[in-house]
Amino acid sequence: MAGNTAAFMDRCEEAFNAASRMQNPLVVHHYDCDGITSGSIVASWFEKNSKPYRLLTVRKVDSELIEKVKKEKQLIFVDLGSGSPAMDELKGEVVIIDHHQPQCKSHLQANPHLFGFDGGSELSAAGCAYFVFRTSVDLGIVGAVGDIQYPLRSLNKTMLDDAVAQTEVEVTTDILLFGRNSRPLLQLLSFADDPYLPGLTAHEDACISFMGELGIELKNENKWRTYRDLSQAEKRKLVSALAELLALRISPEAVHKLTGEVYTLLKRQPGTELCDASEFSTLLNACGRNDKPEVGVDVCLSRPGSYEKAHALLAEHRKNLREGIAFAMKNSQDLGKFLLIDGRGVIPDSIIGVVAGMLFPGQRNKPVLALSLEASGKIKLSTRGTRKLVEAGLNLSKILSEVCPIVGGVGGGHNIAAGASIPADRLDEFLKEFAKRV
Ligand code: C5P
């Protein structure tokens, strides 16, 4: 997409001027990785400049939230706001830093969509917050990777160039399997979902024999080895064996998903998830999706003791995800135009979107719609497409913003990933209207 970079940067500067003049604003940010990183970028600027601010983490903008913040004189919304027409009701001073498709018409908005960029792939809220506040660029990279904007291009690439120039981030080409730095090799292979490794993913015994045949030790004395611990020769051997497996069992194209750009964060605690943009993003999602977004903010701001807390949440998050994915694999229904996962009562609403995104990676040719229950009794639903489907014209955000008003729900997001909340008794109607538009 050919956006207007100069006009976007001018808007970011305008947003900075307005936000930096605020006295003790309430910063309202989203609870996922991109929301935590973008909220933390704002927090970090206020802290560095010894200016008071308050943070409020939320899951969505709804009438309850609007009511709650209506009396605030100064508000900064990060990673949400643009997509909510209800924002127009706020009368105080409001700055929105967001990348969702804009539906609200008022307020000063720094949003790439308004300048011809796709906020779903060219810049996330964290990147937008970086261009506004020009601080903590490594968090901008983590937010983009967490919002699956990989590989970084367009405005994301401009931010990446800044990160490299500031020696905050190093870019190398390496294996893309999740957990390069922190997962034991056995888990690196048996939990691999992107790319999915036929015969190895979910087959621990097969992984043990595979590594045995390659002559790569899984343990060093009593300690499980990670990919990071391997010698260069061992890394090469493993990568070429996996490439051969993908070429033979999936397709020659699948090999391209095995290696690619990886982003190492140079100023974070070495040997932890915090050194790798992708692993850092999962750690933050684990905090947000387990109702502890404040721990994620603490980690982003390098507050003492926070990493250990986040690490414990990650273990819990991985367990929930494994269980959720196992359920979804067994219980997905093919409804013709899309796959339906009814996770109501089984998969928590906080991870339903992640589960939907991880289902049948690389082999899916239709969108996924996954259902879960909110504490309020409403249905929380998440839809996920693929890049190929989006290139062919799919826009899930547009579909949800058309269908939700028909059934009395609220929803939106991006063309490739969108979510909504609808009344429980309007599901059939929703499914019919959704199918009509996919
Ligand atoms: O909740 P889920 O992970 O499925 O959300 C996917 C995307 O849709 C997110 O970017 C989220 O902010 C957006 N969304 C929205 N309105 C909702 C639910 C989700 O804009 N009610």
**Message:** Checking the structure you have, find out if any residue of the stretch 213-225 is surrounded by 15 or more Cβ atoms within 10 Å (Cβ to Cβ) and either assigned to a helix (DSSP H, G or I) or outside the structural domain of A277 (by TED's automatic domain parsing) (or both).
**Reply:** no
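Here's the yes/no breakdown for (1) out of contact with any strand residue (DSSP E or B) (no Cβ under 9 Å at 6 or more places or on another chain); (2) crowded, with 18+ Cβ neighbours inside 10 Å:
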residue: R11; (1), (2): no, yes
residue: E14; (1), (2): no, no
residue: S44; (1), (2): yes, yes
residue: E47; (1), (2): yes, no
residue: S50; (1), (2): yes, no
residue: R59; (1), (2): no, yes
residue: F77; (1), (2): no, yes
residue: E89; (1), (2): yes, no
**Message:** What pairs come out if I take residues in the stretch 46-64 that are in the same structural domain as L80 (by TED's automatic domain parsing) and pair them with residues that are outside any helix (DSSP H, G or I) and aromatic (F, W, Y) whose C-beta lies under 8 Å away, six or more apart or interchain?
**Reply:** F46/Y53; T57/Y31; V58/Y31; R59/Y31; V61/F77
**Prompt:** Since G345 meets every condition but one in (1) within 15 Å of the ligand (Cβ to nearest atom); (2) at positive phi; (3) open to solvent by 60 Å² or more (accessible area, probe 1.4 Å), which condition does it not meet?
**Reply:** (1)
**Prompt:** In this structure, does V171 turn out to be in contact (Cβ under 8 Å) with a residue 24 or more places away in the chain, under 30 Å from S231 (Cβ atoms) and of a type in the set (V, I, T)?
**Reply:** yes
**Asked** Hey, among the residues in the stretch 32-42 that are among the β-branched types (V, I, T) and away from the ligand (no atom under 16 Å from the Cβ), which one's surrounded by the most Cβ atoms within 10 Å (Cβ to Cβ)?
**Response** I41
**Message:** Name the single residue that is most open to solvent (accessible area, probe 1.4 Å) among those in the stretch 114-151 being β-branched (V, I, T) and assigned to a loop (DSSP other than H, G, I, E, B).
**Reply:** I148
**Request:** For S20, work out the one condition from (1) out of contact with any strand residue (DSSP E or B) (no Cβ under 7 Å at 6 or more places or on another chain); (2) hydroxyl-bearing (S, T, Y); (3) open to solvent by less than 10 Å² (accessible area, probe 1.4 Å) it doesn't fulfil.
**Result:** (3)
**Prompt:** Any idea which of F327, F338 is away from the ligand (no atom under 13 Å from the Cβ) and open to solvent by less than 10 Å² (accessible area, probe 1.4 Å)?
**Reply:** F338
**Request:** Could you tell me whether any residue of the stretch 387-397 is within 9 Å of the ligand (Cβ to nearest atom), within 20 Å of the chain's Cα centre (by Cα) and open to solvent by less than 50 Å² (accessible area, probe 1.4 Å)?
**Result:** yes
**Asked** Are there any pairs, at least 6 apart or on different chains, whose C-beta atoms fall under 6 Å, with the first in the stretch 3-17 and of a type in the set (S, T, N, Q) and the second at pLDDT 95 or above, and if so, which?
**Response** N4/F115; N4/G116
**Residues (part of a helix (DSSP H, G or I) and not hydrophobic (A, V, I, L, M, F, W, C)) located in the stretch 152-177** = N156, K157, T158, D161, D162
**Message:** Condition first: more than 14 Å from the ligand (Cβ to nearest atom), closer than 22 Å to G81 by Cα and not aromatic (F, W, Y). Can you find one or more residues in the stretch 399-416 that meet it?
**Reply:** yes
**Asked** Looking at the stretch 227-245, is at least one residue free of Cβ contacts under 8 Å to residues at least 24 places away in the same chain, open to solvent by less than 40 Å² (accessible area, probe 1.4 Å) and under 24 Å from the mean Cα position of the chain (by Cα)?
**Response** no
**Asked** Hey, any hits in the stretch 77-88 for a residue that's modelled with pLDDT of 95 or more and away from the ligand (no atom under 14 Å from the Cβ)?
**Response** no
**Message:** Can you confirm whether K380 is open to solvent by 20 Å² or more (accessible area, probe 1.4 Å) and modelled with pLDDT under 95?
**Reply:** no
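The values are calculated or read from the model by the stated rules, or taken from the named source; none is laboratory data. Keep in mind it's a predicted model, so treat the numbers as computed, not measured. As a convention, Cβ positions derive from the backbone with ideal geometry for all residues, glycine included, and neighbour counts pool all protein chains shown. Surface areas here come from the heavy atoms of the whole protein model, side chains and all, with no ligands, DNA or RNA. Shrake-Rupley method; radii C 1.70, N 1.55, O 1.52, S 1.80 Å.
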